[in-house]
Amino acid sequence: MNKFGSLVLAMSLVAAPAMAAYEGGDVKDGGSISGSVKFKGTAPAPKKLDVGKDKEVCGKTAKMDQSLIVEGGNLVNAVVTITDIKKGKKIELKKVQFDQNGCEYTPHVVAFPAGTTVEVINPDGILHNVHSYSKVNTAFNQAQPKFKKTLEVKIEKPEAVEVKCDVHGWMHGWLVATESPYVAVTDKSGSFKLDNVPAGSYTVEVWHEKLGKSTQKVTVKAKEDAKVTFEVAGK
Amino acid sequence: MAESAQERKLPVDDKIHTWPHLVRMEFLVALFVLIGLTIWSLTIDAPLEEPANPTKTPNPSKAPWYFLGLQEMLVYFDPWHAGVVLPTLIIVGLVVIPFIDTNPKGNGYYCFKDRKWEILTFIFGFHILWVVTIIIGTFFRGPGWNLFWPWQFWDTHKVVALTNVDLPYLLGIRSYWVAAAFGLFAIGAYFIGWMGFFYWFVLKVKGKDFLERWGMVRFNITGVILAVMMSLPAKMFLRLAFNVKYILVTPWINI
Amino acid sequence: MAERGVDQKEEKKSYGSVFVLGAGILAALSLWAFLDDNITRRPWKGFQAKFYRLDYNKAQAAYDEEDKKLQADDKYKELSQKLAAFQASLADGEVGKKLNSQIAEEARVTVKFQEADQKVKDVKSELEEAWYEHDHAVQQKRKIEPYLEVIAALDKKKAVLDKELEPIREKRNQLKDEIKKIQSGAKEIETELVKMTGERDKWIRVMENVTFKLGPFTFPKIPKIQQVSLDEFDRNRFDQPVARVDRCQTCHLAINRPGFEKEANPYKTHPRREVLLADSAHSPDKIGCTGCHEGQGMAVNGVKQAHGDVHLWEFPLLRGAKVQSSCTSCHQDVQKFAEDAPLLAEGQRLFEQVGCTGCHLVKGYENIPKIAPSLKKISAKVDPGWMVRWIENPHKFRQRTRMPNFDLKPDDALAVAAYIWSQSKEEADQWTQTHPAPAGFREGDPNDIAKGKKLVETIGCKGCHGFADGEFSTPLGKSKDLVPNLKDIAAKVVGPQWIYHWIKNPRGFEPETRMPSLRLSDDEALSITNYLMSLGGRPDPVAGIQEKLADAKNIKRGEVLVRKWGCFGCHDIKGMEKESRIGAELTTFGSKTVEELGFGNRTDVKHTWDDWTYFKLKTPRGYATERIEQLMPQFNLHDDDIKALRTLLGGFRERKVGQRYLADQGLRVQQVVEGRRLMQQYNCVGCHEIEKQGGFVRKYYQENVALAPPPLNGQGEKVQSSWFYSFLKSPTTLRPWLEIRMPTFGFSDEHTTQLVNYFNGLSKVEQPYHYIDDRKFPAENLEAAKILASAEYFNCFSCHVQGGKNPEGPKEGWAPDLAMARQRLNPNWIIKWLKDPQKIQPGAKMPSFYPGGPDNILGGKEDRQIEALRDYLMSIGRGAAPAAAAAPQVPAKAKPAK
């Protein structure tokens, strides 16, 4: 066939598995999964980061290393997903925000279904850049000068992508794209909730940037909440 | 009187009419020959050997089959002798046959007894000497012109010891000139000896009258040519049995 | 004699049965001959017929599938119905009636038109005649009035007739238009349908291609030989150009057609067809097939014959990876085909770097320099006992060394050592005297050793050397080290004195060495020496070694041995610098026939060129016999390396391809090949990624790639050639945050030029020299750029060094000094870089600022902004470091133009 035909074919072949992987639709009598992620062991003391540049803007507040935050025994910024769900609620792509206020990424970890537009905000009035380190997705490195208050990026394929700023070397955060819309990030309480899950048994996975992955099997009954607790050991 | 030949049964009734009986027989024979040739050509392909390469001589490098007799003779005689002298004499010999063959018998019919010596001579010269050397050259000679059985693999690396000596050397003669003299003497002796033998032989087999009728010219021509013809098997014997290379060695000719 | 009569019995016999028999046999034979000739001996016809059937069936299946899709498509059904309806109407419905009446009307009007037109034509003709008469009268000087009258009358008549004709013509045209309009009423629908059925109907063409019609019957296409005739492809043995004919496509009909990748041969599509068989590469119609694959291209009477797998055809088909051997017949530059011909590229690298050319002459590789260190001053460098042991078996000391094992007896090794030692004594002693032991050497001091170790790990030694088992930077095959592993260097050298002077100035000891200087200070050199002397322990002293080496008998015997074993092929030895190679010439080794290869006493090697060569490289003396000695030493090559070398050797053939088929002709390619050789010899890829390969030292910088040496992809396009030349001659600090140093190699002028040409050749640089004219920078650009570069906008100097001024923050965050741009960077490249740095260097720290320039500078036009920035960069390099940029004036917010 001609070049165009083969291109279309190739694209549809690529798109097909991705689309065939998760199917969104109406969920009747859906249940939910909720719980918390605990940290096992003694929490390490948070390290202070050295702010060497643009101190007037970035040095206003102390910058702490956010790669491992434990609050009251709860693991913060852990990403909880269901890895093997094929049918569930519709994927609604809503814009998420990634703020660089005070030369620090807030939130430190953002999780969303793949294909979501991430709005990177630069309220600092100085030059930042958004440099992604990804293997599955195309890596990007875009400048965000003072006059560019917002910058939109997309992570098309499911992957946990680390993001750094080259101008301010201490800045780093994570953009986590998932296949299904069932994803949550634990906050200070270490808890999460995934609702509108169709009944069935699934594998729930917790991922943390420093502590890696751990999984548990969960059975969800219609209109019921399944509780699950994770205990992630420190390294 | 006019009894038709058809009614009378004659002692030897072996004639047939040319048309249609001889012709039809010839036609049938031709037909079957054609069949044979067709089957041969369909089943056996002409050999396609390696692509011509002037920088790479094939081993063995064989002449076309009709010259393999001459190529085989090269083993025993030097190229001038085997390639020029002998072939010329072969042709000369064939040319003088009508002159030296005075036997009137055998016209138009097959016989043996009437022409025993003529036929035997020809068979010896053609079938034995010429054809057999072609057969040897085709099937029994391999790389390096070494001898191989027809079923043997042609090993290009076969090494056969070459320990040939010249006849004078074999007989203990070490001087160059004495060897040359001896060689000439040996060849001369051979010819004279042969002519003597041939004289005695014709006398014995054919008789004095025949010899007179035949004449000295014819006698000598036949004798010399037969001597040359017999020199080939003689030399072959000397070579194969005693490893004799040359009888006569000179800068101009070796025999 | 009695008369012989006629043999009646014989004549009465009827030979009819024999005749019938013979005739019958002959008839059968004729039939057999016909079949034999046309079918049995032409198997290609069968192959083609089978292929046409295959093609037809595939096309039919595809057609059916598309048709199914169409039938399921609502739009198609709707359109088809509409079209059918229209056509029905056209045939005998409303539309048809209207059409017919218009056609009839048009016919009538046409008749009228023709009549009127004829009248006009007649008048025109008469007018012509009248004018002639007039002109004739003029020439004859007769009165012209009567003629003019006639003309006038005719003119009037014509005017009238014209006026009558016009409306009829109009009407006729109008009717014609209407008819056309009616007939093409369905044109839109038809075009739509054609667009929809395009995918399906194209299969009809494919089916038509493989059949032909005879009346109502469809037959498969008649098989025909497909041949490609390549003029002047070969040169015969008399060096005359001769043509070559390839008939491979007679059976391999789909070789250049997509869609047959899954079929079995001979109907399979060629692998990587779009790349390898492209018109710009090896289109079979232009290059044929046997040019690469060998085989007997003109034979079609059998599979074995066509593939040349027959006795006496010297070029059997090359299958699988063996086809890579053919690349060198036409291509000069094979390293760039590392993807398509990996074995060949690797084989060539191995051939050049393991040292084959030290003993073997090969045309095209005559100028490869000697790969081993010079032995002219060896006695100043190594321990004598070590030297003897090394010569006896180098692999015992360094398993991965390139030096092969000559399997010498201990006596012979001693003799060789004695000779080499004696030849080097004079110069070595001189050197030792002028290079005394360094002051301040704190032998064994653990702090100093630790300092040395740290230095070794950071300043770049690891770009070439390994310092522990299994450590190396650039690989050489699977079993060799390109550069010596120094894990037990102390067991080899004569003492720290040599190491110290060597690392401070390698070319001071060996003028042609590859080892560069890292511009070490005295202290640094002392620490590194200390560290190196801690690796491996001191060599065991050998009693009486000096006397043995000085023994005249040994020396004499040693000279004979050195000449026999050809040490001078790889090493420079005093007095033997110009000796010629001792091995066999390999220029046409690939063309050797099996009869020309000696298998010795080995019975385990198959009698093919491939097997002979493999085992030769594996056990070089394996073909020795009781009477024939083999000199080639044992290289201990890995199997994969042997196969790679064998692929290269297979390409060393006698064959000369016609000039017009050669690829890569031209100076540029030559410069790339030459430069690359040099680049590999000096192991630039140990540190730098070049041609998208290499940069092996980066594995030590995985935590922070910014601290690794920069990649040099596209370097020719990036930097100015004159700057690059100076830099290679004498490197300066470009990236102050790097601890790893660009060494000073001490290249000759010739080599430096070759390297610059190499990079220029890779980037296809047309003009290597630039002149920057300050007057050409528009002031507007400079002003705008200053603003763009300021903190209000792009804030370039937040990261970039600015002449003498360093940016804030730790060194890892810095970027190169922009004041250097004028001398160093190619102005056109700067434009490309600013447009999208990530495209040129994926993963670079420099982010992409465009698209996304501010709207209020230079009218928001990004191209102009980039140009302005470039002009600015080209201007700031003048003279001393510029003062910090003044507070920029932000222009008033412009109206949102565009």
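A short reminder: the numbers here are calculations on the coordinates, not readings from a lab. Computed from a predicted structure; not experimentally measured. No Cβ is skipped: glycine too gets one built from the backbone with ideal geometry, and neighbour counts run over all protein chains shown.
Quick notes on this one:
- Shielding value for C:841-851 is 5, the average number of Cβ atoms from other chains within 10 Å of each residue's Cβ.
- Average partner coverage of C:6-13, which counts Cβ from other chains inside 10 Å: 5
- Given charges at beta-carbon only (K, R positive; D, E negative), |dipole| of segment C:23-93 in Debye: 340 debye
- Tensor-based shape of segment B:65-242 (alpha-carbon gyration tensor, a/c under 1.5 rounded, otherwise prolate or oblate): oblate
- Counting Cβ atoms of other protein chains within 10 Å of each residue's Cβ and taking the mean over peptide A:137-146 gives 6.
- Prolate/oblate/rounded label for segment C:721-834 (Cα gyration tensor, a/c 1.5): oblate
- For a straight C-alpha distance cut-off of 19 angstrom, the lysines reachable from residue B:113 (same-chain residues fewer than eight places away being disregarded) are B:105, B:204, B:206.
- Its relative contact order, with pairs defined as Cα atoms under 8 Å and 6+ residues apart, puts chain C at 10 percent.
- Protection proxy ranking, peptides C:178-184, C:337-343, average beta carbon neighbours within 10 Å, highest first: C:337-343, C:178-184
- For residue C:313, net neighbour charge (Lys/Arg +1, Asp/Glu -1) across residues whose Cβ lies under 13 Å away: -4
- Across segment C:652-787, Cα-Cα pairs farther apart than 20 Å form 58% of the total.
- Where both bridge residues fall in the protein assembly as shown, DSSP classifies roughly 75% of the beta bridges as antiparallel.
- Peptides B:180-187, C:238-245 ordered by packing proxy, namely the average of other Cβ atoms within 10 Å per residue, highest first: B:180-187, C:238-245.
- Summing charges over all other residues whose Cβ lies under 11 Å from the Cβ of residue A:178, with Lys and Arg as +1 and Asp and Glu as -1, gives -2.
- The trypsin sites (Lys or Arg not before Pro) of segment C:683-719 that DSSP puts in a loop, and whose beta carbon has at most 13 other beta carbons within 10 Å, are C:692.
- Whole-number percent relative contact order across chain A, with pairs defined as alpha carbons under 8 Å at least 6 apart: 30 percent
- The protein assembly as shown - Debye-derived log10 I(q)/I(0), Cα point model, q = 0.04, 0.05, 0.08 Å⁻¹: -0.53, -0.75, -1.29
- Between 0 and 90°, nearest 10: helix B:86-100 axis offset from chain B longest Cα axis: 30 degrees
- DSSP bridge orientation in chain C - percent antiparallel, rounded to nearest 5: 95 percent
- Counting only Cα atoms, segment C:378-569 measures 47, 41, 30 Å along its principal axes, largest extent leading.
- Extreme residue, positive dipole direction of segment C:774-875, given options C:791, C:810, C:840 (C-beta unit charges): C:840
- Positive dipole terminus of segment C:92-242, leading residue within C:209, C:160, C:114 (C-beta point charges): C:209
- Over the C-alpha atoms of segment C:568-684, the Rg to Rh ratio, Rh being the Kirkwood estimate, stands at 1.03.
- Between residue C:169 and residue C:218, the contour length at 0.36 nm per residue exceeds the alpha carbon distance by 12.7 nm.
- Think of it as helices only: each DSSP H run of n ≥ 4 in the protein assembly as shown is worth -39500 (n - 2.57), and spread over all residues that comes to -12500 deg cm²/dmol at 222 nm.
- Förster radius 30 Å - calculated FRET efficiency between residue C:748 and residue C:772 (Cβ-Cβ, nearest 0.05): 0.55
- Length released on extending from residue C:39 to residue C:556, taking residue separation times 0.36 nm less the Cα-Cα span: 178.6 nm
- Sequentially through segment A:199-214, phi angles give Karplus couplings (6.51, -1.76, 1.60; θ = phi - 60°) of 5, x, 9, 9, 9, 9, 10, 10, 10, 10, 4, 9, 9, x, 9, 8 Hz, Gly and Pro residues having no value and appearing as x.
- Count Lys and Arg as plus one, Asp and Glu as minus one, and take only other residues whose Cβ is under 12 Å from that of residue C:668; the net charge is then -3.
- Highest mean packing comes first when the peptides C:90-99, C:521-530, A:49-58 are listed by Cβ atoms within 10 Å, giving C:521-530, A:49-58, C:90-99.
- Kirkwood radius for segment A:65-111, taken over all pairs of different Cα atoms as the inverse mean of 1/r, rounds to 13.6 Å.
- For segment C:378-569: relative contact order, % (alpha-carbon pairs under 8 angstrom, 6 or more apart): 32 percent
- Between the C-alpha center of segment C:681-754 and that of segment B:176-228 there is a gap of 98 Å.
- Simple label model, 7 Å out from Cα along Cβ direction - residue C:118 to residue B:205, nm: 11.2 nm
- Modelled label positions at residue A:21 and residue C:242, each set 7 Å beyond Cα in the direction of Cβ, lie 6.1 nm from each other.
- Paramagnetic reach from residue C:157 (point 7 Å along Cα→Cβ, amide N under 17 Å) across segment C:134-150: C:134, C:146-150
- Mean-position separation - Cα centroids, segment A:145-161 and segment C:550-586, in angstrom: 67 Å
- Lysine pair count for segment A:69-155 (Cα-Cα distance under 20 Å; residues 8 or more apart in sequence or on different chains): 7.
- Amide H contacts under 5 Å for residue A:129: A:144, A:166, A:167, A:168, restricted to partners 5 or more places along the chain or on a different chain, H placed in the peptide plane at 1.01 Å from N.
- Cα gyration tensor, segment C:228-317 - rounded (a/c under 1.5), prolate or oblate: oblate
- Modelled FRET efficiency - R0 56 Å, residue C:540 with residue A:135, Cβ distances, 0.05 increments: 0.60
- Those Cys residues of chain A for which no other cysteine Cβ falls under 4.7 Å: A:165
- Fully extended contour minus Cα-Cα distance, from residue C:372 to residue C:701, at 0.36 nm per residue: 115.4 nm
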